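Data first, discussion second: the structure below is written as structure tokens.
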Protein chains: 4
Amino acid sequence: MSDLRIAVLGVGIMGADHVERLATRISGARVTVVNDFLTEKAEAVAAGVPGCRAVGDPLDAIADPDVDAVVLATPGPTHDKQLLACLDHVKPVLCEKPLTTDVESSLEVVKREAELGRRLIQVGFMRRFDDEYMQLKALMDAGEFGQPLVLHCVHRNPAVPPSFDSSMVVKDSLVHEVDVTRFLFDEEIASIQIIKPATNPGAPQGIQDPQIAIMRTTSGKHVDVELFVTTGVAYEVRTELVGEMGSAFIGLDVGLIRKGGQAGPGTWGGQITPGFRERFGRAYDTEFQRWVNAVRRGQATGDYTDGPSAWDGYAAAAVCAAGVESLQSGQPVDVSMVDRASIPGA
Amino acid sequence: MSDLRIAVLGVGIMGADHVERLATRISGARVTVVNDFLTEKAEAVAAGVPGCRAVGDPLDAIADPDVDAVVLATPGPTHDKQLLACLDHVKPVLCEKPLTTDVESSLEVVKREAELGRRLIQVGFMRRFDDEYMQLKALMDAGEFGQPLVLHCVHRNPAVPPSFDSSMVVKDSLVHEVDVTRFLFDEEIASIQIIKPATNPGAPQGIQDPQIAIMRTTSGKHVDVELFVTTGVAYEVRTELVGEMGSAFIGLDVGLIRKGGQAGPGTWGGQITPGFRERFGRAYDTEFQRWVNAVRRGQATGDYTDGPSAWDGYAAAAVCAAGVESLQSGQPVDVSMVDRASIPGA
Amino acid sequence: MSDLRIAVLGVGIMGADHVERLATRISGARVTVVNDFLTEKAEAVAAGVPGCRAVGDPLDAIADPDVDAVVLATPGPTHDKQLLACLDHVKPVLCEKPLTTDVESSLEVVKREAELGRRLIQVGFMRRFDDEYMQLKALMDAGEFGQPLVLHCVHRNPAVPPSFDSSMVVKDSLVHEVDVTRFLFDEEIASIQIIKPATNPGAPQGIQDPQIAIMRTTSGKHVDVELFVTTGVAYEVRTELVGEMGSAFIGLDVGLIRKGGQAGPGTWGGQITPGFRERFGRAYDTEFQRWVNAVRRGQATGDYTDGPSAWDGYAAAAVCAAGVESLQSGQPVDVSMVDRASIPGA
Amino acid sequence: MSDLRIAVLGVGIMGADHVERLATRISGARVTVVNDFLTEKAEAVAAGVPGCRAVGDPLDAIADPDVDAVVLATPGPTHDKQLLACLDHVKPVLCEKPLTTDVESSLEVVKREAELGRRLIQVGFMRRFDDEYMQLKALMDAGEFGQPLVLHCVHRNPAVPPSFDSSMVVKDSLVHEVDVTRFLFDEEIASIQIIKPATNPGAPQGIQDPQIAIMRTTSGKHVDVELFVTTGVAYEVRTELVGEMGSAFIGLDVGLIRKGGQAGPGTWGGQITPGFRERFGRAYDTEFQRWVNAVRRGQATGDYTDGPSAWDGYAAAAVCAAGVESLQSGQPVDVSMVDRASIPGA
């Protein structure tokens, strides 16, 4: 069986990572087309991959006859149009989060895919493919913890780019915990509140950091998330599930390195993963390999995905929109979503 | 210098522990009088300690000329009267929490002690004497974490007595995190909200469990506490301090015992401390030794305490009262306290 | 660039794993030929891989024009002949340990490859590709621990097949620590002693278990290894490096699952990886991907390997032979090896 | 019951610690007499303890009518004479290790005590009173690990005084693991070998460091100990027990402090206890409280001890003497001890 031919749209840090991943670590696929709004960047990346060329227009790249499937790593505001183009050409697409940047257009994408009667869209919530999250989910599904009750999350970054603002903490960081919650609990989030503690004196002017998100699922389960994106320490993602019959932790560090102190006693410990690429590199590999395999068998199954769907992207958008509203008001905000049953095939 | 002669009032599980502690592990003190509303119990305990006798009335025990200082391990509703009696007799007293069972009488106790111009009352918040909490406080005071920002707490019990109700989770369990917050942050708590998630199906009828407490200090620091008193697992108390320059964890388990599985792979891990006596036994020893030492040097200093004061007991009562109100309403409740400066000497 | 066409010889548990790995997770390669002395097994495996067929004779499989490179997962005693056939056909080969089953034939293989002037043979010591071992090696090479001094190793299996005997503990288990030692210390092992403690009452009759290996490198570094292959617990591999300026641990478990106890207090901990496939699955993936990449660029470099060489296989054989001698005598035995410089190109 | 009156002989770092311990943290005892070969030091210490005076001659201190029991924290070479004086005066004595500095005099002490028909001598192996060692011993005695098989120990110091030499590593450091082995395994050590790896370049000239001790018990159990006293890191004591049915670790660090890195990613970890006083302070407290309690009930029981006996001190001396011999020869040395049954009462 011949390799899947893939177009990667957007070759910034993440997209370039995906090109390298597909070219050197994923079985059954090769990158034939790349695209970026910076033409030279696309051409430089293409030059490093045998059999790959740069295409100047993202919609041309999607339509290209030499392309079987698409990876979207473009800026969020362009996703809308590009996803609809993929649906028009009936080409499977792995779309980095967000699905789209507003709730309405996300819902439109969900509906358009549902009308096609095929699953073509997968959203890149990579944590679902992390070994620890997968193991936790498997233990939960096996009933190891009885009924799940509470989820505590910590999501810390050492620093953010100067362009970051308070609402991006919700839309770019919290969105992962939104998806983790829905993944682990298998239900929707009903309401969200963003608490704004006294801010980190070391944070850039104007950004609310840390933020505490309080979420409640439709059945009343509680989730809290510490979002802290200017810690100066490292990238730390931890999740504790508390259930009726036990609890479990994800993301504790391992390994014991012992070193002498400059002054005072020696220390033990280790490095924390500095960024999401180190922390979730393996998860991305697994995500991509499973996606490639699913796309290759899609003709037979009608399902070209093996992971979070367009609906999952829409639900995340709806929760984050409510979160941004709460960030302004400081009050709990109900999440507004259409009834999934009202969209056959979604 | 002769030993301090101590009366222990209330010899239930905790009071009997304290008698044994004073008799066998604390230097410079001996128990001369015990009292309990169950006379036989008091007599049985007295019989086991050389030189100790049972006294039938708690106020007589306090007044006894053979008593230099008092330990109160009686039920909370009796504390009020007994504390005032100690003040009347100018006898130092170590009072198990709560100071009293309502805010008004706690404030009255604060005022009466302040009028005396001596510090005679210490409240038994033992976590302040736990090695890990002391170490964390020392690191914070040394500036190791920069400005403190957020505190995450977990407080779990395997089970509670049948008599327990939802408000006791706040008054008996949360009260410790209230004191820990005030101890670590050195400021008052301004507001509190109790969130009521879907309840543990294994919890007794009518009790809200788990509960999530959200507190905000006067300067805006955020504290969240998971209270879960029917876990069926063990006694788990964890605290994570997040500061401007780093974070720290208290209460993780240690030790690695590896065992074969009955079926499937082997496991590693260890036992969790089953109850507060195992978890905080050392802290109680330290608390008592330091209190005995303080009382013995009190004549010289005018301060017969070395730990949380009557004011700390009053503040905890005020926060818990607001917490119980929030438990009913589900809304955030502002904590109502008098201005400390309005009570000279408090 | 077209995919590398690979023949996998031996499709027992490990070989079948490698076929599945190459077919579904490795980029740039596909399995075109499989072989096994059990013909039906080879045919069954071939049937599961598009474009793959079974070939009855291992030497025919190596010679097959549809094969660019070879993976040897056949029994050790056949390696000798098969490796020489690979050299004769100038085909790169990834050979599961051992290189060969005796020192003389291992040396012969080293010499024959050296005469060819190309690196064609890589030995399957997969730990060199494990994330933690790679990280430790990188830290050591960066001088993080100063001069390395001591290595403590633990190598435990829950159980071994009935056919296992005492010398196989040395040849099949210890061989990994022999390679780890040479990898981390970058020097040869000069002597080895096997200590035989009182045996595990639960071990099969006639097998010495546990065994303690004491090794000394040419510069005098000390290595000890606990070999214990009937623990009944799980597969545990731990390594502690002690250096002049600090130390580091590999293989501690991570994650905290808390569960109620049947009787008595609750426990915390987690599962230990049950076997080497779970523990080192990722390492095998990395090993194979890097090997495939190296083979594909071999025409240009003359080096078709990216990992342990035939010399490493020979050195391991020499140390294990001395170990088996010590197992008999109980005395330290000097390792007998030729001078590497005497074989140009080795 | 009146307090036990204690003489502390030797008030260097350790003896002064013990005076402070007895004066401020131990119930039922007070220090009435102190002695030191530096008279001023003894007088300074005495001045800090109410009711305590300095006595110039150690034998006078022992004989003093104001002394019920003795703590020996004097240099090892003086123990011999002082212990015999305690026996002559029939005064219970807690003797810091070593019992005496040579095997013959240790045996003499054992015999003299046995002749008295009372247990008066306890040796200060404090690890037997450490929470973790006590817990491990309890689990072993409960059969949790089945038959014990192997013990791995690590004993590291950040630095040693300039006067330290290679044999002191055996006599002062290893002696603790000798006692731990005998304590946990309940049997004697039959042979010992000291392995001398290439030395730490940072160690003072002339000291062999690290050293590896290999011991074998009479029933064939294996023990290895890494002794490394110039690590520059901290005081680290770890013990791993491996049994037929599982294994357990003592001495891993706990707590997770996270800090930003100066350069590169942040780190996690914590301080390691800098010295034995921090690591084993609690164990000393427990040791002393239990010893005081035992002495106070000794009149009734004839046993004035609750811990390691003179025989334990003798056995440790015998093993260390063999260790020092092996340090010279590099060969395994059999431990030479008299048959315990030949000394009735020992």
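Solvent-accessible surface, computed for protein heavy atoms with a probe of 1.4 Å, shrinks by 50 Å² or more for the following residues of segment D:133-161 when the other protein chains are added to the isolated chain: D:Leu149. A simple packing score, the average count of other Cβ atoms within 10 Å per residue, orders the peptides B:297-303, A:75-81, C:65-71 as C:65-71, A:75-81, B:297-303, with the highest score first. A P(r) calculated from all alpha carbon pairs of segment B:25-156, with 5 Å bins opening at zero, reads 2, 9, 15, 17, 15, 14, 12, 8, 4, 3, 1 percent. Share of carbon and sulfur in the accessible area of segment A:162-238 stands at 50%, probe radius 1.4 Å.
Result for chain B in a Gaussian network model with C-alpha springs under 10 Å: among B:His18, B:His155, B:His89, the largest mean-square fluctuation is at B:His89.
With viscosity 1.306 mPa s and temperature 10 °C, the Kirkwood radius over alpha carbon pairs of segment D:57-111 converts through Stokes-Einstein to a diffusion coefficient of 142 µm²/s. In the assembly of identical copies, C:Gly330 has its label point, taken 7 Å from Cα in the direction of the beta carbon, separated from the corresponding points by 2.1, 7.7, 8.0 nm (ascending, one decimal).
Using only alpha-carbon positions, what ratio does the radius of gyration of segment D:104-156 give when scaled by 2.2 N^0.38 Å?
Against the compact-globule rule of thumb, the ratio is 1.61.
Annotation: the antiparallel percentage among DSSP beta bridges lying fully within segment D:148-234 is about 65.
Buried area at the D:C interface is about 2500 square angstrom, summed over both chains, from accessible surfaces computed with a 1.4 angstrom probe. Given the convex hull over the Cα atoms of the protein assembly as shown, what projected area results after averaging over all orientations, in nm²? Spelled out: convex hull of the Cα atoms, projected over all directions, averaged, 53.9 nm².
Sorted into 20 angstrom bins from 0, the C-alpha pair distances of chain A split as 29, 58, 13, 0 percent.
For segment B:1-57, what does the alpha-carbon gyration tensor say about shape, rounded, prolate or oblate, given a ≥ b ≥ c as the root eigenvalues, a/c under 1.5 as rounded, and a/b over b/c as prolate? Here segment B:1-57 falls in the prolate category. Among the protein heavy atoms of segment B:37-104, carbon and sulfur supply 58% of the accessible surface, probe 1.4 Å, non-protein parts ignored. Each residue of segment A:24-32 was assigned a 3J(HN,Hα) from its phi angle through the Karplus curve 6.51 cos²θ - 1.76 cosθ + 1.60 (θ = phi - 60°); the sequence is 10, 10, 10, 7, x, 8, 9, 8, 9 Hz, with glycine and proline shown as x.
A cut-off of 5 Å between modelled amide H atoms, ignoring neighbours fewer than 5 places along the same chain, links D:Gly28 with B:Gly28.
Hey, if you drop one equal point scatterer on each alpha-carbon of segment C:148-231 and run the Debye formula without solvent, what base-10 log of I(q)/I(0) do you get at q = 0.11, 0.17 Å⁻¹? Rounded to two decimals, the profile gives -0.29, -0.65. When each of the peptides C:127-135, A:331-339, A:315-323 is scored by how many other beta carbons lie within 10 Å of its residues on average, the order from highest to lowest is A:315-323, C:127-135, A:331-339.
Taking square-rooted eigenvalues a ≥ b ≥ c of the alpha carbon gyration tensor, is segment A:83-192 rounded, prolate or oblate, where a/c under 1.5 means rounded and, failing that, a/b exceeding b/c means prolate? In terms of gyration-tensor shape, oblate. Can you say what percent of the DSSP beta bridges in chain D, counting only those with both residues inside, are antiparallel? Round to 5. In chain D, DSSP labels about 55 percent of beta bridges as antiparallel.
Run the helix sum for chain B: -39,500 (n - 2.57) per DSSP H stretch of 4+ residues, divided by residue count, reported at 222 nm to the nearest 500 deg cm²/dmol.
Using -39500 (n - 2.57) per qualifying helix, the result is -10500 deg cm²/dmol.
Applying the Karplus relation 6.51 cos²θ - 1.76 cosθ + 1.60 with θ = phi - 60° to segment C:167-173 yields 3J(HN,Hα) values of 6, 5, 4, 6, 6, 9, 9 Hz, where x marks Gly and Pro.
Counting only lysines at least 8 places from D:Lys81 when in the same chain, those with an alpha carbon closer than 21 Å to its own are D:Lys91, D:Lys97, D:Lys111, D:Lys171. Counting only other chain Cβ atoms within 10 Å of each residue's Cβ, the peptide B:20-28 averages 5. In order along segment B:203-211, the Karplus-derived 3J(HN,Hα) couplings, from 6.51 cos²θ - 1.76 cosθ + 1.60 at θ = phi - 60°, round to 7, x, 3, x, 9, 7, 8, x, 10 Hz, and Gly and Pro are given as x. The residues of chain B expose, per residue, 36 Å² of accessible area to a 1.4 Å probe. Take every pair of alpha-carbon atoms less than 8 Å apart whose residues are at least six positions apart; their mean separation over the length of segment A:1-157 yields a relative contact order of 18 percent. Here the protein assembly as shown carries DSSP beta bridges of which approximately 60% are antiparallel, counting only pairs with both residues inside. Near the amide H of A:Ala190, within less than 5 Å, lie the amide hydrogens of A:Arg216, A:Thr217, A:Thr218, all on another chain or at least 5 residues away, with H placed in the peptide plane.
Amide H to amide H, with H built 1.01 Å from N, C:Lys221 comes under 5 Å of D:Ala198, counting only residues 5 or more places away or on other chains.
Going by average Cβ neighbours within 10 Å, how do the peptides A:217-229, C:32-44 rank, with the highest at the top?
Packing proxy ranking, top to bottom: A:217-229, C:32-44.
Just to confirm the number: angle between the C-alpha axis of helix C:310-329 and the first principal axis of chain C, 0 to 90 degrees, nearest 10? Taking the Cα atoms of chain C, the angle to C:310-329 is about 40 degrees.
The values are calculated or read from the model by the stated rules, or taken from the named source; none is laboratory data. As the structure is a prediction and not an experimental result, all values here were calculated from the model. In this analysis, Cβ positions are derived from the backbone assuming ideal geometry, glycine residues included, and neighbour counts consider all displayed protein chains. Note: accessible area is taken over every heavy atom of the protein model, side chains too, but ligands, DNA and RNA are not part of it. Shrake-Rupley method; radii C 1.70, N 1.55, O 1.52, S 1.80 Å.
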